[in-house]
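The values are calculated or read from the model by the stated rules, or taken from the named source; none is laboratory data. What you see is a predicted model; the values in this text were computed from it and never measured. These area figures cover heavy atoms from the full protein model, side chains too; ligands, DNA and RNA do not enter into them. Shrake-Rupley method; radii C 1.70, N 1.55, O 1.52, S 1.80 Å.
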Amino acid sequence: ALKASTPLKNDVIFLATDGEEIGMFGARAFVQEHPWAKDVGVVLNFEARGDHGPSIMFQSSDANGWLIDELAETVDRPVANSLSADIYKLLPNDTDFTVFKRAGMNGLNFAYIEGVASYHSSLDNMANLDERSLQHHGMYALALARRFGNSNLNGPISSNEAVYFDLFGRTLIHYSRTTALVLS
């Protein structure tokens, strides 16, 4: 879809990693060894911790206000909540996004999480995958790749932290943590 449309101003890297479950080896190898890693402007990481459900943006890099602004302006049917990001920080789980975030890269982490009983079992296969979940991932990926592919990622980036939540998957309400404190 990207190749069939107007060329983007920025390059897009499609990185399929391996070895996540045993140490995030693919992501670590890219960050530590690949010359392109130093040029990454935004990372979009897509995960599955089940076999169905909406694609949820559950984690972002720090100083995420500008990323949440872009997410809210770009995607249809956003599903995201800053509370899930705060809860995720308390869990012992990691994804490849952890490697990129620790390397100081900006980005967003998405996953669908329903049907977790199938995760890493014999039921974790293409026949049981809900295509609507995969389509939701794809919708985010394409819209955001186009958005960030045409954005100036070298300019000043806001350093504020956002509070955000979706209204029934129709729109994303978002404001700064400072605004949240004032409202409280």
Can you return the lysines within cross-link range of LYS89? Criterion is Cα-Cα under 23 Å, with same-chain partners fewer than 8 residues away left out. LYS101
Aspartates and glutamates within cross-link reach of LYS9: Cα-Cα under 16 Å, excluding same-chain residues under 8 positions apart? ASP39
Between segment 1-49 and segment 136-153, how many Å separate their Cα centres? 13 Å
Can you give the accessible area of GLU73, probe radius 1.4 Å, in Å² rounded to 10? 120 Å²
State the antiparallel share, in %, of DSSP beta bridges confined to segment 40-143, rounding to the nearest 5. 40 percent
Determine the shape class of the chain: with a ≥ b ≥ c the square roots of the Cα gyration tensor eigenvalues, call it rounded for a/c under 1.5, and otherwise prolate if a/b is greater than b/c, oblate otherwise. rounded
Ignoring any ligand, DNA or RNA, what whole percent of the accessible area of segment 47-95 comes from carbon and sulfur when the probe is 1.4 angstrom? 54 percent
As a test of the formula, what do you get for the chain when each DSSP H run with n ≥ 4 contributes -39,500 (n - 2.57) and the sum is divided by the residue count, at 222 nm and rounded to the nearest 500 deg cm²/dmol? -10000 deg cm²/dmol
In straight Cα distance, which aspartates and glutamates are under 14 Å from LYS38, not counting same-chain residues fewer than 8 positions off? ASP11
